[in-house]
Structures are given as C-alpha cells and as structure tokens.
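Below you'll find the structure, written out as structure tokens, and then a few comments.
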Amino acid sequence: MKRTTDKVAEQFETFQILDEEGKIVNEEAMPELSDDELKELMTRMVYTRILDQRSIALNRQGRLGFYAPTAGQEASQLGSQYALEQDDFILPGYRDVPQLIWQGLPLYKAFLFSRGHFKGNQMPEDVNAFSPQIIIGAQYVQTAGVALGLQKRNKDAVAITYTGDGGTSQGDFYEGMNFAGAFNSPAIFVVQNNQFAISTPVEKQTAADTLAQKAVAAGIEGIQVDGMDVLAVYAATKDARDRAVNGEGPTLIEALTYRYGPHTMAGDDPTRYRTEEMDNEWEKRDPLVRFRKFLEDKGLWSEDEENEIIEKAKEEIKAAVKEADNTPKQKVTDLIGNMYETLPQHLEEQMEEYKAKESK
C-alpha cells in the first residue's frame, strides 16, 4: 500500500512559473497576458496588501468585527479570481473577501460584512457570489449545487470555491467534490494550503503527501500549484475554467501558500505554533516581492507607481469606512424581517414590540 500511495503522490509535482527571484522557470506555461494585464495583477495585490494592513488596524480600534488576515495569500486569491469571467460564481470562505471585492463587491460592503450588518451580505446584481462562509468547508457542497445549476442551464460559466487546508478534513469537502465529479459539473475547488488550520499543522490534518491528490478518489482533475506565484495560480485556474466550460468536469487546485498574520484577529497568536525560522523562510517567497522583481526586470514597474497605488488604496479605504459608518445601524426589526417572508404569530408580536421600541 505504501508503494501505491507514494506513486500517487509522485504525480503531483508543484506547478510553478516564477521562482523566488521572479525568474521564469517554466516558459511553456507562461500565460498570455498583456503588459497592462500583468500590471493590473500587481496593482490588485499591492492594493489588497494595504487593505489587509488597514483592516487589521481598524479591527484593533474596534471599528471592524470579524476579520481574517490575508497577507501572504494575495497570489492564490487574486491570481485565481483574475482568471474568472463575470458570469462565474464565487463561493468564498471567510478569508476570501478580496476575491469578492475584485469581482465587484463595493468596498464599504466588505466592511459591513465584517461588522455583521445584513447589507454587507447583499451582493450587487451583476456579482454572482455568495456571502463568505463561516462554517468550515460548507461552501464545497454548495459549489457542487451551483455548478450543477449552471450545467443544467447550459451556461458557459463555472462555480469556484475556496477553503484552507483544515477544510479538507471536513466531510463537506469530499461530498462536494464527489457530487461535482459524478455529474461532471463545472466546478473549481481551491484549497489554500497555508500550512496551518488555526494552530494545527497540515501534516496533522492528513497522511496524504499532498492535498491535490485527494482529487483522485473523486475521479476529478487535481493539481498542486505554487500559491505564492500569481502567474502559476492564474494559469492553473484559467486551464481549469477552460476545461470546465468545455464539459471536462471539475478540478481541485491546491495552492501552497502562507498567511503571515494570525488565523483571525479574535485572539489567535501564531508565535505559539509557528517558528521564527518558518516565518522567515516563507517571507522569502512573498508573492508581492516575487512578482515585483519579475515586472521590474521587464521594465513594467517602479517604486513611484507602487506608491501611487498605495496612496490610492488608503484614500479609497478611508472613504469606504466613512460610507460604512454612515450606513444606518442594523435593527432587530431588520433581523426579524430578513429571516422570514411571512412571520409566524410569535414573531409578529415581537416585530410590533420592537417597532414600538425603535420608534422612540
């Protein structure tokens, strides 16, 4: 049996296009992106890094609620989102707000989501997305259903979802992939393997050498990609999407990445379970540093350009926070009304009670 599992693992070598110095190591796999598109990818990663820094600061000030830091995972998040079309559906996990923003979710609504406001869960009509899922792995089953719906409607679109390495230990992870595989539905399942499910290292999650090889049991395509390499993530996702809309079924993508901050801002202390040596090693693979070197070598990027993006991000974040602050507070009557189309008698009574309280 050991020989069998080893043979399976050997089939999942890490797919990479740029090395840690920003040099192309896989010319054949280089995606067809224009210079402007390459710069746009970098712009989005820089912006998202600033958004993460500001969100952490706002959380510490008590101006945001739940927040899961994203620094280190920009390539896996934005590289995959950049390969999507507007008709595709995103079913994110709680750390995947950046994908929603770049798909069209207004920034102020992202802040409202963090605050638990119902308006933060209302997607614009032209954004096909679910609210970020808090229940670990549940979005995988939902994605299988959305993908089947797209398939039944003959849409040239896919459903893409995200979870972390810890999510692969949930039953929903296997059920979702198995269902999508059985129906050959257009789904893309992304695992952002950031090495730790809160404090549990990935080697304690599974005996498998890779998470990508879990696709084999579901009978679907699987690939392990360097999740700190935005071009590799883009290329892998683009290929998965092309095959899905062509009727070739779902794909599991394992993106090897690292979160530089805590699991969430709710009291997690990564220094208790991660070593300084590990942090330093992964910092050398920083997706922004790597891609910056690549663009600079091509004469497409400068410090001045990056500083302009940083200042723009700060101004837009400031304006979005102000808009979120000016949004009317969520009321108990909003909660009751949003939960039911037709209220049962006991809630009708409570609705009238709270309407009276809120009118004072």
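The values are calculated or read from the model by the stated rules, or taken from the named source; none is laboratory data. Everything quoted here is computed from the prediction, not taken from an experiment. Note that each Cβ is placed from the backbone with ideal geometry, even for glycine, and that neighbours are counted across all protein chains shown.
Observations on the structure shown:
- From the list ILE134, ILE160, the lone residue that is surrounded by fewer than 20 Cβ atoms within 10 Å (Cβ to Cβ), within 14 Å of the chain's Cα centre (by Cα) and not acidic (Asp, Glu) is ILE134.
- Residues of region 246-260 include none that is of a type in the set (Val, Ile, Thr) and over 30 Å from LYS214 (Cβ atoms).
- Qualifying residue in region 224-242 (condition: of a type outside the set (Phe, Trp, Tyr), within 26 Å of ARG3 (Cβ to Cβ), surrounded by fewer than 24 Cβ atoms within 10 Å (Cβ to Cβ) and in the same structural domain as LEU148 (by TED's automatic domain parsing)): no
- Residue match in region 138-155 (condition: under 27 Å from GLY337 (Cα atoms), of a type in the set (A, V, I, L, M, F, W, C) and either within 15 Å of the chain's Cα centre (by Cα) or modelled with pLDDT of 95 or more (or both)): yes
To keep it simple, each residue is scored yes or no on (1) part of a loop (DSSP other than H, G, I, E, B); (2) modelled with pLDDT of 95 or more.
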residue: ARG259; (1), (2): yes, yes
residue: HIS263; (1), (2): yes, yes
residue: ILE310; (1), (2): no, yes
residue: LEU335; (1), (2): no, no
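- Only one entry in GLU316, GLU352, GLU281, GLU323 is closer than 19 Å to ALA75 by Cα and either in contact with a Phe, Trp or Tyr (Cβ under 7 Å, 6 or more places away or on another chain) or surrounded by fewer than 16 Cβ atoms within 10 Å (Cβ to Cβ) (or both), namely GLU281.
- Helices (runs of 4 or more DSSP H) wholly inside region 1-88 containing at least 2 residues that are in contact with a strand residue (DSSP E or B) (Cβ under 9 Å, 6 or more places away or on another chain) and surrounded by 18 or more Cβ atoms within 10 Å (Cβ to Cβ): 74-82
- VAL321 touching a helix residue (DSSP H, G or I) at 6+ places or on another chain (Cβ under 9 Å), in the same structural domain as ILE136 (by TED's automatic domain parsing), of a type in the set (Val, Ile, Thr) and farther than 30 Å from SER199 by Cα: yes
- Scanning region 243-272 for residues that are surrounded by 17 or more Cβ atoms within 10 Å (Cβ to Cβ), over 18 Å from the mean Cα position of the chain (by Cα) and among the small types (Gly, Ala, Ser) yields a total of 2.
- Applying the criterion of being surrounded by fewer than 10 Cβ atoms within 10 Å (Cβ to Cβ) and assigned to a loop (DSSP other than H, G, I, E, B) to the residues of region 337-349, the residue that is farthest from the chain's Cα centre (by Cα) is PRO344.
- Those residues of region 197-211 which are in contact with an Asp or Glu (Cβ under 7 Å, 6 or more places away or on another chain) and either surrounded by 14 or more Cβ atoms within 10 Å (Cβ to Cβ) or among the hydroxyl-bearing types (Ser, Thr, Tyr) (or both), in sequence order: ALA197, VAL202, GLN205, THR210, LEU211
- Of the criteria (1) surrounded by 13 or more Cβ atoms within 10 Å (Cβ to Cβ); (2) farther than 29 Å from ARG259 by Cβ; (3) among the charged types (D, E, K, R), which one GLU305 fails: (2)
- Test: TYR273 is assigned by TED's automatic domain parsing to the domain that holds SER80, touching a Phe, Trp or Tyr at 6+ places or on another chain (Cβ under 7 Å) and touching a residue at least 12 places away in the same chain (Cβ under 8 Å): yes
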